[in-house]
Structure formats: C-alpha cells, structure tokens
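Have a look at the structure below, then the notes.
What follows draws every value from the coordinates through simple rules; no lab data is involved. Remember, predicted model here, so these are calculated numbers, not experimental data. We place every Cβ from the backbone using ideal geometry, glycine too, and count neighbours over all the protein chains shown.
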Amino acid sequence: MFSLVTLFPALVPGAAFACACCADPGTRFEQDVVRGNWEVKEIGRLAPTSPARLYLTACGMECVSGIEDPQPTYPVTFEVSDNGMTFALGEGDGTLTFPWSEDYRWFGADTALSGEGETALYTELRFRGSVAGTGDFANEGPIEAELVLSGQGNRCITARSFDGWSLTVYDETTQFRLFGTLDGN
C-alpha cells in the first residue's frame, strides 16, 4: 500500500527537487541583512585576479581626490578578518582598511528573463561604513565608503558567487573608486 507521502513528489512536479539556494525565474530581491560569521568566512575565500583599477571619468585624474599621486592601476591583495577587510595597494603605496558594518544590503535579480535554463541571479553585497588609509591613501580620519561584491549566483551567499569588487571612498575632500575582479574558488 502506498502512502500519500510516497506519492507526493509524483503529484507535485518539482517538489522533490526544491532547494533552499535555488532561485525562481523572475526572482528579484533587496534586503538588509545582519552580518554574520558565514559571510566573513566566504569573503575570506575571495582573491583578487586583476590589479585594482582606479575609476576614471572623462576628466581623468583631475577628478580623483584623496590619493597622493594617483595611478590608473595598483597591484592589490586582500586581508580579511572578523573585524574588516584591508586592501594593500601597490608596492608599498598604502592600505585601505574597511571595518565591517553590523549589517549590509543584499541585492539579487534574475537577468535572464527568458525563463529557459537554470535561473542565475546577478547578486551584490553592499557594505557601507568608513575606511582608514595609510601611505598615498592616508586621511585625517575615517571617510565614508561603500564596498560592493558582485557576481552571478543564487539565493545563498558563497565565495564562488562573486567575480567583482568595488570600493567607493567619498567625503567633501576625497572622492575615488577602486575596482577589480575576484576568484572565489
């Protein structure tokens, strides 16, 4: 004799294959999340795969402020701890230290709206806070900053979901953005 529980997957197509991380076609969300140890652990698995590039508009270096002798690119390494993320830039040019905020904004959207194939989301983790700099990036105190990790993923936060980063630093006297690519494997 068959039970209803045994027949349920056959009666409801896809029910047996549902997963917590899967996204449905047309998924779109934006939410505030309290940061936990999981996110920091996954971010710690990320490694830069390109130099940090300085975002430049049509006015070029003239619109960059807050960096002594700005360069279009900088070799970069990351150090991630429970307290924050430090970007070591150039050959001793300086560092930018971004302490973790207590929360962050998580954004995700299905960009392949054809509905065919497995749904993959464009995702961003957006951390807002302040940054302290040394060397060519030295400043007189914490300056507002936003760190964005972006890429393609699903409804779970894993390092392999992120392939890009940007750090925007801004106040009345400082304005620049550094960005680059990531490997989360």
message: How would Phe29, Phe87, Phe78 line up from fewest to most surrounding beta-carbon atoms within 10 angstrom?
response: Phe29, Phe78, Phe87
Positive dipole terminus of region 4-183, leading residue within Phe137, Tyr122, Leu182 (C-beta point charges): Tyr122
- prompt: Any idea which of Ala23, Leu167, Leu147 is furthest toward the positive side of the dipole for region 4-183, if Lys and Arg beta-carbons carry +1 and Asp and Glu beta-carbons -1?
  reply: Ala23
- request: Amide H neighbours of Leu121 under 5 Å, at least 5 residues apart or on other chains, H built in the peptide plane: list them.
  value: Gly153, Asn154
message: Using only the alpha-carbon atoms of region 136-185 as identical scatterers, what base-10 log of I(q)/I(0) does the Debye formula give at q = 0.19 Å⁻¹?
response: -0.69
task: Could you please state, rounded to a whole Å, how far the C-alpha centre of region 142-171 is from the C-alpha centre of region 20-46?
output: 11
Thr134 paired with Asp103, simple spin-label distance in nm, labels 7 Å along Cα-to-beta-carbon: 3.3
statement: Label model pair Asn83, Thr27: point-to-point distance (7 angstrom along the Cα→beta-carbon line) in nm is 3.6
field: Hz values of 3J(HN,Hα) by residue in region 42-52 - Karplus curve (6.51, -1.76, 1.60), Gly and Pro given as x
entry: 5, 5, x, 7, 6, 9, x, 10, 8, x, 6
message: Under a Cβ-only charge scheme (Lys and Arg +1, Asp and Glu -1), can you give me the dipole magnitude of the chain about the Cα centre, in debye to the nearest 20?
response: 740
Additional length obtainable on full extension of the chain from Thr181 to Glu91, 0.36 nm per residue less Cα span: 30.5 nm
query: Along its principal axes, what span do the Cα atoms of the chain show, with the longest given first and each in whole Å?
result: 78, 35, 28
Least to most buried among Arg28, Arg126 (fewest other Cβ within 10 Å first): Arg28, Arg126
- prompt: Given 0.36 nm per residue, what is the gain on full extension from Cys19 to Asn37 after removing their alpha carbon distance, in nm?
  reply: 4.2 nm
field: Cut-off under 5 Å, modelled amide H: who pairs with Ser50 long-range
entry: Thr181
- prompt: Normalised by the residues of region 4-183, what does the relative contact order come to in percent, with Cα pairs under 8 Å and at least six apart?
  reply: 25
